[in-house]
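Each remark here refers to the structure printed beneath this line.
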Amino acid sequence: MTEQQLRALLADMSLAEKFGELQQMPGQYYTDDCIETGINAAFDFTEEEVACIGSALNVLDPARIIEIQKQHIARHPHGIPMLFMLDIIHGYSTIYPIPLAQACSFEPDLVRALARATARESCAAGQHVTFSPMADLSRDARWGRVMEGSGEDPYLNAKMAAAAVQGYQGDDLTAEGTISACVKHFAAYGAVEGGREYGYVDMSERMLRQYYLPAYKAACDAGSGMLMTAFNAIAGVPASGSRELNAILRDEWGYEGAVISDYGSISQMYSHGVIQNPLESTKRAMDGGVDIEMCIHHYRRGLPQLLESGEITTEQLDRAVWRVLNLKNRLGLFEDPYHFASPEKAAKLQNCEDFLQLARESVPRCSVLLKNDGKLLPLSPDADETVAFIGPFLNESDLLGGWVNQKVGRITAATLQETLQARFPARDFTYTAGCALLGAEDAMMAEKKHAAFETDADRRCAMLEEAVAAAKAADKVVLFLGEHPQCGGELAARADIRLPKIQRDLFRAVAAVNDTVVTVVFDHRPVELGDIAETSKALLNVWFPGTMGAAGITDMLFGDAAPTGRTTMSFPHTVGQEPIYYNRLPTDHAPEFSPIYITGYVDCPLDPLYCFGEGLTYTDFAYGEVRLDKATLHAGETLTATVTVQNVGERDGEETVQLYIRDPFASVSQPVKELKGFKRVFIPKGENAEVTFPLTPDDLRFYNEDVDFVWEPGEIQVFIGHDSRVSQYKTFRLEE
Ligand code: BGC
């Protein structure tokens, strides 16, 4: 439809039609019954309201979606099609590593490719919008939703959010195989105090702009069709009714996409204690720029009255409706309301060979090898040694992790034991679980997540004994341990981020009888590893790796592929260090004080156990000195920083070279390091690669006291190295 035609359509719509565009219906509404009767008593909608609904959330079956759309168009006064939305977070049916793991690839191209494949499956399955990417910067591993984001760095976060949008949407949303992204949760949901779900956020405007906003902006600039507001209030103002955030989004960034509330974030203003009824909430949300209310009914109750009283203007209403229509038009729904939905095609694409292969290849790129003493990994595929594979993940069929729609997300293609047995039928391997995923100590968590846990003490003992015997008899042990697959995502905040006690007991018992232990850890967050990190000889963090997790892990264990991911969230020594992140502000006492007056704890190091950017692979790299092509960088110029990296190990390999800067003296305190560039490079064994990074004054901007985005003349340090602990740097001057 041309813009003119769309404007004409808007002008011709009744108020009921306009309200309908701003109301989303939960998928349960569209049962067989109610589609026939048109009215569902539980929801108390009139026939006219149902006919005018603009979108639905959580309808899964493509044939059903086609049917609902068909009936809807016939019923709607102007035949305006509905939007179908769903949380498709790390794959539709073929599940890829969790988003946090994807970010660890430091490879926007991979994130783009996975989003692209996800869009192809989802589009055929009838979906139009996915509630992804989550661009919330997260520095606190206690928050369950860190798994949905990219971690603690604003630069990387922005690159990954943009890549995901490009992957889902392609260049043209009318094309087959595309769906609209919906970047969320605007804004700063990742900063909830103590990592507590639905919690509170308070921060300075400078902090918000410098760290938390860049990724949402990058996703908006990449054309994200939709944006979701957040549950949290910031400094007492609910994000879903914030005029300030709306002004940033619409006036500063010029974002024209549709904005949807989070599920209940408008009614949550009641819990925030700032609204008392649907009139107040509707007014605040509309003034805060929310176009669509997700599934709850405040708009429905508030809009008619507010419009009549003039508290909401017709222009305001029309603007909101326009944005929704515009998204429908961007998707080409007025020409093809089904947007290439096809149950047959969906069935063919889901878990097809290409996607399974992509899923498998992505596992090593997203996994982080945290420790590998004596190059224990990879194991030899044909050595004359016995290996005991132990742990509750050995036969776990869910290696997918949180935020997977269990109805469509197929369970892990094969378990680890099945995969290992099939790959090495002749090897002298033993297999035993050793324990359940959760023990009686985890009863509270298990109940909240509807997860099973071990209740039989005798069985627990017997399983442990069997594992100890297997470990004793083996040359090497590979332990598969981790968080419960349901303990990540929404409503999965944890105050204790260690692995379950039943698994720690297993680890200790096994490590006591065999000193060659490789531990593979499944997690949604950087967990507190404690003696698992200390005592294991090799430690491979695979996050939740998805449908092809078992195959991808086996590839890494036996050297068919090398792990190349780098952690994008710091692993703490202890949960007491949270929030912990590398780009902190410098806070020690001045140098004239004795060195004991430094920021930190008396019972724990200041630094994390494993830092941002850290991760090994199966070869080693040596870095030459940082070289800068200029001593002074002026406005309008570009400086090039170069480093030579040599593969000094025994195998070809990939290295993620990272560039950090530090502005040691500025008008406003600046972080001890900030990532400003990264490159993955493949370097054959024994060879060198020259890696270059451009830097411009714009890359060195920050928010000053007046919250202006400026760069200031002065000295800048440039670090290039393996991870955020890099200490070698060169200095240049930044001048007007
Ligand atoms: C979550 C969102 C999600 C929405 C719809 C909310 O509870 O916070 O991230 O997209 O539900 O499922």
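The values are calculated or read from the model by the stated rules, or taken from the named source; none is laboratory data. Keep in mind the model is a prediction, meaning the values are calculated, not measured. All Cβ positions, even for glycine, are placed from backbone atoms using ideal geometry, and neighbour counts span all protein chains on display. Only protein heavy atoms, including side chains, enter the accessible area calculation; ligands, DNA and RNA are left aside. Shrake-Rupley method; radii C 1.70, N 1.55, O 1.52, S 1.80 Å.
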Mind ordering 181-192, 560-571, 700-711, 604-615 by average Cβ neighbours within 10 Å, highest first? 181-192, 560-571, 604-615, 700-711
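In Å², and per residue, what accessible area does the chain have when probed at 1.4 Å with the other protein chains present?
Solvent-accessible surface per residue comes out at 37 Å².
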Using label points projected 7 Å from each Cα along Cα→Cβ, tell me how many nm separate Glu441 and Asp44, to one decimal. 4.9 nm
Area accessible to solvent at Leu437, 1.4 Å probe radius, in Å²: 20 Å²
Work from the charge dipole of the range 244-313 (Cβ charges, +1 for Lys and Arg, -1 for Asp and Glu, about the Cα centre) and give the residue of Val259, Leu245, Gln276 farthest towards its positive end. Gln276
Extending each Cα 7 Å along its Cβ direction at Asp706 and Glu466, get the distance between those two points in nm, one decimal. 7.2 nm
Note to self: C-alpha centroids of the range 615-659 and the range 317-362 sit apart, in Å, by 40 Å
Output ordering of 285-294, 443-452 (per-residue mean of other Cβ within 10 Å, highest first) is 285-294, 443-452
Expected output is a single nm value to one decimal: the length gained when fully extending between Leu585 and Arg498, i.e. 0.36 nm times separation in residues minus the C-alpha distance. What is it? 28.6 nm
What is the extension gain from Phe665 to Gln357, computed as 0.36 nm multiplied by their sequence separation minus the C-alpha to C-alpha distance, in nm to one decimal? 106.0 nm
Of all the accessible heavy-atom surface of the chain, with the other protein chains kept in place and a 1.4 Å probe, what percent is carbon and sulfur? 50 percent
Multiply the residue gap between Asp384 and Gln4 by 0.36 nm, knock off their C-alpha separation, and tell me the result in nm, one decimal place. 129.3 nm
Of Ile88, Ile66, which has the most accessible area with a 1.4 Å probe, and how do the rest follow in descending order? Ile66, Ile88
Among the aspartates and glutamates, select those whose C-alpha is under 15 Å from the C-alpha of Lys345, and discard any that sit fewer than 8 residues away in the same chain. Asp61, Glu121, Glu176, Glu353, Asp354
What pairs in Lys371/Lys449; Lys371/Lys476; Lys449/Lys501; Lys184/Lys328; Lys630/Lys685 have C-alpha atoms more than 26 Å from each other? Lys371/Lys449; Lys630/Lys685
Leaving ligands, DNA and RNA out of it, work out the accessible area of Glu687 with a 1.4 Å probe and give it in Å² to the nearest 10. 100 Å²
Along Cα→Cβ, 7 Å out, is where each label goes; now give me the distance between the ones at Lys730 and Thr314 in nm to one decimal. 6.5 nm
When the helices in the chain are scored as -39500 (n - 2.57) per DSSP H run of 4 or longer and the sum is shared across all residues, what 222 nm value do you end up with, to the nearest 500 deg cm²/dmol? -8500 deg cm²/dmol
Which far-off residues, 5 or more places away or on another chain, put their amide H under 5 Å from the one on Ala233, with H placed in the peptide plane? Val201, Ala239
Among the DSSP H helices of the chain, those whose Cα atoms extend at least 18 Å along the helix axis and whose mean Kyte-Doolittle hydropathy is -0.5 or higher are 62-75, 108-124, 154-169, 353-366, 457-473, 501-513
Roughly how far apart, in whole Å, are the Cα centres of the range 194-220 and the range 672-736? 23 Å
For Lys375, Lys283, write out the residues from largest to smallest accessible area, computed with a 1.4 angstrom probe and no ligands counted. Lys375, Lys283
For Tyr155, Tyr211, give the ranking by accessible area with the largest first, probe 1.4 Å. Tyr155, Tyr211
Aspartates and glutamates near Lys673 by alpha-carbon distance under 13 Å, same-chain residues fewer than 8 away left out - which ones? Glu152, Asp153, Asp663, Asp723
Nearby aspartates and glutamates by direct alpha-carbon distance to Lys375 (threshold 12 angstrom, same-chain neighbours under 8 apart not counted): Asp620, Glu650
Relative packing of 165-174, 70-79, 641-650, which averages over residues the other C-beta atoms within 10 Å, highest first: 165-174, 641-650, 70-79
Looking at the chain, send over the antiparallel percent of its DSSP beta bridges, to the nearest 5. 50 percent
